[in-house]
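To keep things clear, I will list the structure first and then write my remarks on it.
Every number here is computed from the coordinates shown, using simple stated rules; none is lab data. As the structure is a prediction and not an experimental result, all values here were calculated from the model. Here the Cβ positions follow ideal geometry from the backbone for every residue, glycine too, while neighbour counts run over all protein chains shown.
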Amino acid sequence: MVGEIEIVSDENELALAGGEHFTSLAVSAISAQGRFSVALSGGRTPRAIYEQLGGAFAPQIDWRYVHIFWGDERCVPPDHPDSNYRMARRALLNHVPIPEANIHPIHTETEPEKAAAAYERELRGFFADGLEREGGGGRRPAARFDLVLLGMGADGHTASLFPYTAALYERMHWVVAYYVEKLNAWRVTLTPTAINAAANVIFIASGESKAKRLKEVLAASAFPGSLPAQMIKPTDGNLLWLVDAAAAEML
Ligand code: 6PG
């Protein structure tokens, strides 16, 4: 079971559909449990969704109860053009009335391993509070994001989970930092263990450069280490692939 697949005509429709899914999940999580936690993706594709959310959809969401996290971060300062935080800040967060305390960046301006450990502590504290609020204090908290938004690279990576890396098999930690040889750079990323604990995961993919890989990822898995996106299977949650017609061309 690869989850559901929703195919829309083009990138504009993808941005609208992404905005709609985000908004409806936010509205229902806030009404059911008083808050909405989401892990954002970096990359080019989600930016248009963030712009929609910061524009037409913004008034539909009570931003006081939204908590923004990141699924991965590049190891650069927060004002660097490659920063996923900076991208979301400019496309979305600067345009909505969200309290600063609800924005939870990965602090990659410090050493990557320290940033990962600090983020893990922050997430564990946040989700432990969530359990207490629901009266389940004492249970072991999981990384129960209401939504994890993910992109997929043409090599099948997602978040900063790259093919054939140890991060894919990390079971204990929710967040790891490692040096990605093929990028010649450090990344901090949520692990599959953390992502698969989410209530909803939405992959966004657009463009023909993703078509071949999308077909492979959605096929039965041969050896998931070669296609990290295949390792994302929420254990008790929903998985949706939101793709445009160009990316879906080979399905
Ligand atoms: C990042 C990401 C990464 C991204 C994919 C797809 O920080 O780069 O989180 O996993 O989502 O590489 O990126 P595009 O949308 O730019 O193709």
Any residue that is under 28 Å from Q33 (Cα atoms) and exposed (fewer than 14 other Cβ atoms within 10 Å of the Cβ) - is there at least one of those in the stretch 90-97? yes
In the stretch 63-96, which residue that is among the acidic types (D, E) and out of contact with any Leu (no Cβ under 7 Å at 6 or more places or on another chain) is farthest from the ligand (Cβ to nearest atom)? D79
Residue set A32, A56, A26; condition in a loop (DSSP other than H, G, I, E, B) and either more than 16 Å from L150 (Cα to Cα) or touching a His at 6+ places or on another chain (Cβ under 6 Å) (or both); output residue A56
Considering only strands (runs of 3 or more DSSP E) wholly within the stretch 127-221, the ones with at least 1 residues that are away from the ligand (no atom under 16 Å from the Cβ) are 200-205
Can you work out which of the residues in the stretch 110-126 that are more than 15 Å from I68 (Cα to Cα) and within 16 Å of the ligand (Cβ to nearest atom) is surrounded by the fewest Cβ atoms within 10 Å (Cβ to Cβ)? P112
Matching residues in the stretch 99-126 (farther than 30 Å from L242 by Cβ and assigned to a loop (DSSP other than H, G, I, E, B)) number 3
Checking the structure you have, find out if any residue of the stretch 158-175 is out of contact with any His (no Cβ under 8 Å at 6 or more places or on another chain), under 23 Å from A17 (Cβ atoms) and either surrounded by fewer than 19 Cβ atoms within 10 Å (Cβ to Cβ) or of a type in the set (S, T, Y) (or both). yes
Give the residue, chosen from A48, A56, that is in contact with a helix residue (DSSP H, G or I) (Cβ under 8 Å, 6 or more places away or on another chain), under 17 Å from L93 (Cβ atoms), free of Cβ contacts under 8 Å to residues at least 60 places away in the same chain and more than 16 Å from the ligand (Cβ to nearest atom). A56
Which count do you get for residues in the stretch 114-161 that are among the small types (G, A, S) and more than 21 Å from M231 (Cα to Cα)? 10
